[in-house]
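First up is the structure itself, then whatever we jot down about it.
The values are calculated or read from the model by the stated rules, or taken from the named source; none is laboratory data. Everything quoted here is computed from the prediction, not taken from an experiment. Using ideal geometry, Cβ is built from the backbone for each residue, glycine included, and neighbour counts are taken over all protein chains shown.
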Amino acid sequence: MKVIVDGVEVELNPTENVELVRWGDRWLVRTSIGTRSAVSLRVGDKVLVSYGGRVYEVERGIRHRPAATAATGEFHAPMPGQIVDVLVEEGDKVEAGRRLLVLEAMKTQQPMNAPFAGIVEALPVAKGQQVVLDQLLVRVVPIETE
């Protein structure tokens, strides 16, 4: 995953096993050399992370997917999170504005609503499932009119 840390774009690919565990309002970061705690705070589009005696400013890197993909009927996870509600099934006909599913990320629920009347073509997620950045959540295709 590409992010910007202190103004420099970096690829986050740990070279060793790193385990992140939520511990109250902190994160425990376990590596082969031990465990440290980290604290994160969202400020607008940026996240401040205090770890190892330093504070890092992190923001999302350049996205390869256009931001307006919802207008095409395809919804991707804008960040890692958990699916907390799925309100449709594959093959369902939906009206414009109908709630399809709800993603919870960073303690915020983000509903995904149909941008137009259509049919749910793909729904590769389920309630309770953890998702990663840019993972396909649901695809709605327009109903063809004759």
Report task. Filter region 19-40 for residues that are under 22 Å from residue 57 (Cβ atoms) and surrounded by fewer than 11 Cβ atoms within 10 Å (Cβ to Cβ) and give the result. Result -> 20, 22, 25
Query raised in the report: Any residue at all in region 68-78 that is modelled with pLDDT under 90 and either exposed (fewer than 11 other Cβ atoms within 10 Å of the Cβ) or part of a strand (DSSP E or B) (or both)?
Result: yes
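Would you point out the residue of region 90-142, among those that are acidic (Asp, Glu), more than 14 Å from the chain's Cα centre (by Cα) and surrounded by 13 or more Cβ atoms within 10 Å (Cβ to Cβ), that is nearest to residue 72 (Cα to Cα)?
Let us first name the residues in region 90-142 that are acidic (Asp, Glu), namely 90, 92, 95, 104, 121, 134.
So of that shortlist, the ones also more than 14 Å from the chain's Cα centre (by Cα) come out as 90, 92, 95, 121.
If we keep only those that are surrounded by 13 or more Cβ atoms within 10 Å (Cβ to Cβ) as well, we get 92, 121.
Working: 92: 17, 121: 12 Å.
Residue satisfying both the conditions and the ranking: 121.
When the residues of region 33-60 are narrowed to those that are at pLDDT below 80 and in a loop (DSSP other than H, G, I, E, B), which ends up nearest to residue 80 (Cα to Cα)? So that I can check it myself, show each step before the final result.
Within region 33-60, the first condition is being at pLDDT below 80, and the residues that meet it are 44-46, 58-60.
Still in the running and in a loop (DSSP other than H, G, I, E, B): 44-45.
Numbers: 44: 17, 45: 15 Å.
Looking at residues that are at pLDDT below 80 and in a loop (DSSP other than H, G, I, E, B), I get 45.
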Requested in this report: Pairs only if they're at least six apart or on different chains, beta carbon under 9 angstrom, first in region 25-47 and within 15 Å of residue 105 (Cα to Cα), second assigned to a strand (DSSP E or B) and of a type in the set (Phe, Trp, Tyr); list them, first residue then second.
Outcome: 40/27; 40/51; 47/56
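Suppose we filter region 17-32 for residues that are assigned to a strand (DSSP E or B) and of a type in the set (Ser, Thr, Tyr); how many remain? Full working, then the answer.
Taking region 17-32 and keeping what is assigned to a strand (DSSP E or B), we get 19-23, 26-31.
So of that shortlist, the ones also of a type in the set (Ser, Thr, Tyr) come out as 31.
Looking only at that region, the number is 1.
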